[in-house]
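Shown next, in structure tokens, is the structure this report addresses.
The values are calculated or read from the model by the stated rules, or taken from the named source; none is laboratory data. Since we're looking at a predicted model, the values are computed, not measured. Glycine also receives a Cβ, built like all others from the backbone with ideal geometry; neighbour counts cover every protein chain displayed.
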Amino acid sequence: MLRSTLARYRFALAMAPAVPGLCVSMALADVQKQHYAVAPGSLVTALNHFAEQSGVFIAGHNDLAADKHSAGLSGDYTPQQALQILLKGSGLQAQRLSGGGYVLRSTATADPLQLDATTISGKTLGAITEDTHAYTTGLSASATGLPLSLRETPQSVTVITRQQLDDQGANGIADVLRRAPGISVQNYDSERWEFSSRGAPISNFQYDGVNTDYDGVYDYGTTSTDMATFDRVEIIKGATGLMTGSGDPSATVNLIRKRPTPAFKAALSGSVGSWDNYRSEFDVSGPLNNNLRARFVGVHQQRSAYADHYQNSKDIAYAIVDADLNPDTLLTIGFDQQNTRSRGATWTGFPMFYSDGSRTNFSRSFNPATDWSRRDFINQTLFASVTRQLPNDWILKLSYDRKHREHDTLLGSASGSNPDPLSGDGMFLYMGQFKGDEVQDNLDINLGGPFSLFGREHQLLVGFMSMNTRQDNPVYGSVYPPLNGSIFDWHGEFAKPDIPQIGTNAIRQRQTGAYVSTRFKASDDLALILGARVSDFRGSDHLDYSNPNTANVRDGYRQTGVVTPYAGVVYDLDDTYSLYTSYTRIYQPQLSKDATGQILDPVQGDSYEAGIKAEYFNGRLNASFAVFRIEQDNVAEQVSGFDNQAVYRAVQGATTKGFEFELAGEIADGWNLSAGYAYNHTRDAKGDPVYASILQTTAPEQLVRVFSSYRLPGVWQNLTLGGGVSWQSEFFGEVFQPGTEQNARITQDSYYLVDAMARYRFNEHLSTSLNIKNLFDKTYYTGLGNFGTGFYGEPRSLQLTARWDF
């Protein structure tokens, strides 16, 4: 959860550029007087109250107003007069913007910064990215809970903004992460994706900073999350135990929801794409009265795919309301629901070898699934928070989040065995029925604000969180009938089985934690970020079989008083560059069992990171270089079996090391860029590769991600062109090869994918966009080794979108 203060949150809202349709009304407001009542105190708080009462946008970096005070304001004034009074004695001035609103500047500030003689406008950023047209953000609290700029955060942070999502035509989380610097993406079948960073799968997913229990087997729709309801995606690289408690040291993906806007705005869009992909979307936001603001988003999508007889549909509803209970108290209530339905859904992919040991050569359109094979998800979330402004800019915030997630899965996929190379005979089907019903309750309360010590102002955040997850799932058997025909004649037609229920599975997980995070300004140039978390973990997995002759299974764990320390140092070399380093502890309970049936000890280790960061053009362009080292023990490596019968061994001394570079933001007026290179190398204590459920050397060790868009100048200013390149080094999968009676390593060589986009704005209301993925139609594997199968990546696809802004 983005644990910023209410003052900073409202200030960030005020920092968005004016909507063109509001320019006339805002110009009139600039010459009209109205009554203001702003109490003396923090200048940030005073500007927040002014923005609320006037409806005038104020752009300006938070650091300009931090640590400054205002004498307040009472009486009837024009906005310009009111700002002059509020800023008196602060060393700041409010400069009128041509598009409406004001920008804060220091009275001693020189001309805007220049890079290669190219001037970037004086626009600055807050936390919210919508309508900033930026590829970066001004504030993030995902890593430490403290609202810090990316340069002030002592970890690698990647931010995918709303503008970048729109430019890339990224409708799903997989579209986002496959282009994100440092993230590799593999999918093992039509519905399940695996995202990795720094050599490890990502299992930490958050929504507005709230942890979500992630099931990598049944997924519950996490990897099919739609992006229509989100302002941005923040990816914190490395371990994040301070804010998440447990989790892998890969990364945490925090999806930040859209918020109601202080002024009315609405948009309606429709898309058509390859393979009968049709999508419609609406988004309406604005004030209901002086104290209420609301937003509503709806999506309907239906599509086929490059695979034969596959169909998918999606429906999304999202509503959020902000209510000012009084000038110091904000109530937020929201609800979202996503329903996803698929037919022709695969269970793994296609066989990699024929029965004689030679390689298969299936087309990309081949679908091993039956036409009735399905994965259906229903995800509902109810969330609420109360934020109270306390004296001296302290904030008390209470948040509650309840998720109810269901999946209904009946799979049939002709993926078993190895076919005869001539007749295509010899295959069998994986068939199984799975259902899941999960309820997760999250509660978080925290108190944060500034404090003075040794003549300097510092920041402190203390809090408590609780996460309870309950799954009550019926258990069905699996059947593996022979295909009774050639796989070469397969069209998905097979009788639907009647699979009886054989038991029930009750899974309970509970995590509680108290945390503290503080930022000490030891000097003007040196900041120390220190924190710790004390957590309790409890989990149980009870599998009860209907057959009294089958032994029930009772697994569980309980750990108390687990301490996760965090330490970071940021040293400003000058106004542009900073050095940083950070350390945190890794702790992850697990239910994996060894050959004796004993649960493996929790994964434990240490995560180290150091680097240099740069901030140009008031934070509209951010750059970073990081080196990292991750050390872990008790990493579960699978030895044999599947699901509940799988056997693991604990790998000791697993070490991942590497480095990353990233550049994101506006490098010239109208020219946005997101670029990154990442390298990681994982080995165990003996120097051998790690082939595990947590660390996988099968993921590519090198990644390059680049995406850029440019709005043309002059008479072509309504046209924006863009594109990107994604390159990754080779990766491999272990697959049984007939005739050799052992596994063979299949390698996907390094490959690159090229995307392209173009947008044309006809007027202030109508625009159209064209997005092309995999422009050169590369053929490649995106998944290898799962159940001994492979899975192709998506061929070239097109998407044309028309949007009307009201």
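Can you tell me which residue in region 759-799 is farthest from residue 349 (Cα to Cα), limited to those that are under 25 Å from the mean Cα position of the chain (by Cα) and of a type in the set (A, V, I, L, M, F, W, C)? Top of the filtered list is 770. Candidates 478, 517: the one that is over 30 Å from residue 344 (Cα atoms), assigned by TED's automatic domain parsing to the domain that holds residue 550, of a type in the set (S, T, N, Q) and in contact with a strand residue (DSSP E or B) (Cβ under 9 Å, 6 or more places away or on another chain) is 517.
Table: residues versus (1) in contact (Cβ under 8 Å) with a residue 24 or more places away in the chain; (2) under 25 Å from residue 777 (Cβ atoms); (3) not assigned by TED's automatic domain parsing to the domain that holds residue 350.
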position: 689; (1), (2), (3): no, no, yes
position: 703; (1), (2), (3): yes, yes, yes
position: 707; (1), (2), (3): yes, yes, yes
position: 716; (1), (2), (3): no, no, yes
position: 719; (1), (2), (3): yes, no, yes
position: 723; (1), (2), (3): yes, yes, yes
position: 731; (1), (2), (3): yes, yes, yes
position: 735; (1), (2), (3): yes, no, yes
position: 741; (1), (2), (3): no, no, yes
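Quick check, is residue 405 among the basic types (Lys, Arg), surrounded by fewer than 19 Cβ atoms within 10 Å (Cβ to Cβ) and not in a loop (DSSP other than H, G, I, E, B)? Judged against the criteria, residue 405 is not a match. Looking only at region 587-636, residues that are among the β-branched types (Val, Ile, Thr), surrounded by fewer than 23 Cβ atoms within 10 Å (Cβ to Cβ) and in contact with a Ser or Thr (Cβ under 8 Å, 6 or more places away or on another chain) come to 2 in all. Of the residues in region 268-279, at least one is of a type in the set (Ser, Thr, Tyr), loosely packed, with under 15 Cβ neighbours inside 10 Å and in a strand (DSSP E or B). Given the options 383, 377, name the one that is part of a strand (DSSP E or B), in contact (Cβ under 8 Å) with a residue 60 or more places away in the chain, surrounded by fewer than 22 Cβ atoms within 10 Å (Cβ to Cβ) and of a type outside the set (Val, Ile, Thr). Result of the check over 383, 377: 383. When 484, 446 are checked against the criterion of being of a type outside the set (Phe, Trp, Tyr) and within 30 Å of the chain's Cα centre (by Cα), a single residue qualifies: 446.
For the residues 263, 305, the requirement of being outside any strand (DSSP E or B), more than 30 Å from residue 54 (Cβ to Cβ), touching a residue at least 40 places away in the same chain (Cβ under 8 Å) and not aromatic (Phe, Trp, Tyr) singles out 305.
Is it true that some residue in region 641-653 is farther than 30 Å from residue 543 by Cα, in a strand (DSSP E or B) and in contact (Cβ under 8 Å) with a residue 24 or more places away in the chain? Looking through region 641-653, none of the residues is farther than 30 Å from residue 543 by Cα, in a strand (DSSP E or B) and in contact (Cβ under 8 Å) with a residue 24 or more places away in the chain.
Taken over region 305-349, the residue count meeting the criterion of being among the polar types (S, T, N, Q) and crowded, with 16+ Cβ neighbours inside 10 Å is 9. Apart from one condition, residue 516 fits all of (1) under 25 Å from the mean Cα position of the chain (by Cα); (2) under 30 Å from residue 555 (Cβ atoms); the exception is (2). Of all residue pairs spaced 6 or more apart or on separate chains, those with beta-carbon atoms under 9 Å, a first member in region 570-599 that is under 22 Å from residue 214 (Cα atoms) and a second member that is among the hydrophobic types (A, V, I, L, M, F, W, C) and surrounded by fewer than 14 Cβ atoms within 10 Å (Cβ to Cβ) are 585/563; 587/563. For region 224-261, filtered to residues that are among the aliphatic types (A, V, I, L, M) and under 10 Å from the mean Cα position of the chain (by Cα), the residue that is farthest from residue 147 (Cα to Cα) is 227. Of the residues making up region 432-445, one or more are in contact with a His (Cβ under 6 Å, 6 or more places away or on another chain) and at pLDDT 95 or above. Scoring residue 289 on the criteria (1) part of a loop (DSSP other than H, G, I, E, B); (2) more than 30 Å from residue 385 (Cβ to Cβ) leaves a single failure, condition (2).
Among the strands (runs of 3 or more DSSP E) confined to region 546-618, the ones with at least 3 residues that are more than 25 Å from the chain's Cα centre (by Cα) are located at 553-572, 577-588. Being outside any strand (DSSP E or B), of a type outside the set (Asp, Glu), in the same structural domain as residue 494 (by TED's automatic domain parsing) and touching a residue at least 24 places away in the same chain (Cβ under 8 Å) holds for only one residue in 423, 415, and it is 423.
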